[in-house]
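All of the numbers you see were taken from the coordinates with simple rules; none came from a lab. Worth saying up front: this structure is predicted, and the values here are computed from it rather than measured. Don't worry about glycine lacking a Cβ; one is built from the backbone with ideal geometry, like all the others, and counts go over all protein chains shown.
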């Protein structure tokens, strides 16, 4: 366990106090508390916690809605808590993409493992999303370079290897990316 920063959104002041004490005892740092959904969401955006623990039933904005927004905007992983599993809470939690759903009576025993797993899984998701983004950018760059090589081969009557070398050389000489050189070749060809 590290010194993770948590935001706690719970409408019951007594539960907030209990959870905060539990977290402090376990080495976690509660950096913000709210008793309603809208204030809680603003707090998550402002404080940028490592994790948010949110009650399912909140005044104003529902806990599921706060969790969904936190997931979609990549603000923090969410652990949802409730007194019972009524009204399709599990289904709503799945839709909101929460990382764990815990019942308050068993909270003391389940919260730490849930926090550790939620943080680990969230970090893995973020890592994989960044990797996908990088791969998409690499693929786009290759498409531009291939198209630029084709243009050079056609207009200058040179081999594919020579076209690639020219793009590479221009990239190094001008200290810009090969994609930028390729885009310039394509743009100049289309004029």
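A few points about this structure:
- Mean separation of Cα pairs under 8 Å and 6 or more residues apart, divided by the residue count, gives region 5-129 a relative contact order of 21 percent.
- Beyond 17 Å, the tail of the calculated P(r) for region 122-185 holds 47 percent of the Cα pairs.
- Residue-averaged [θ]222 nm for the chain, counting only DSSP H segments that reach four residues, each worth -39500 (n - 2.57): -21500 deg cm²/dmol
- Comparing 51, 128, 152 in a Gaussian network model of the chain where C-alpha atoms under 10 Å apart are linked, the largest mean-square fluctuation is found at 152.
- Alpha-carbon radius of gyration plus Dmax, which is the widest Cα pair, for region 51-183 in Å: 24.9, 76
- Annotation for region 149-177 versus region 82-131: alpha-carbon center distance of 51 Å.
- Nitroxide proxy distance, nm - points 7 Å out along Cα→Cβ at residue 61 and residue 74: 1.9
- Taking every Cα-Cα distance in region 88-165 and sorting them into 10 Å bins starting at zero, the pair-distance distribution P(r) comes out as 16, 23, 17, 13, 12, 12, 6, 1 percent.
- Averaging 1/r over each pair of different alpha-carbon atoms in region 1-121 and inverting the result gives 13.7 Å, the Kirkwood hydrodynamic radius.
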